[in-house]
């Protein structure tokens, strides 16, 4: 729906949402905001989805995988996949296919 408004135009749409699944479905790139509330802030990017989400999720200490349908799922903290992904620096876009590579 969003893409048809900007396709063929020199334009972009900025979407701010708390739903990571929605962001995953509609986004091609991510801006990453970091800092200390009320003290300092920094915006970096844009990043491709993998790099941007890895930055974001690493700050939260949360890892995601993709289920068989391709949807993102949160790994249980301390689970095998959680530990494995954190050790490899891949907090997002982790699939069974990638695990075998």
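The values are calculated or read from the model by the stated rules, or taken from the named source; none is laboratory data. Keep in mind that what you see is a predicted model, and the values were worked out from it rather than measured. Glycine gets a Cβ as well: all are built from the backbone with ideal geometry, and neighbour counts include every protein chain shown.
What the table shows:
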read-out	value
Filtered residue count, region 76-90, keeping only those that are modelled with pLDDT under 95, surrounded by 10 or more Cβ atoms within 10 Å (Cβ to Cβ) and part of a loop (DSSP other than H, G, I, E, B)	1
Residue match in region 1-19 (condition: touching a residue at least 12 places away in the same chain (Cβ under 8 Å) and under 10 Å from the mean Cα position of the chain (by Cα))	no
All strands (runs of 3 or more DSSP E) inside region 1-71 with 2 or more residues being over 20 Å from residue 88 (Cβ atoms) and at pLDDT 90 or above	29-36, 40-48
Filter pass, residue 42 being surrounded by 16 or more Cβ atoms within 10 Å (Cβ to Cβ), farther than 20 Å from residue 2 by Cβ and either free of Cβ contacts under 8 Å to residues at least 12 places away in the same chain or touching a helix residue (DSSP H, G or I) at 6+ places or on another chain (Cβ under 9 Å) (or both)	no
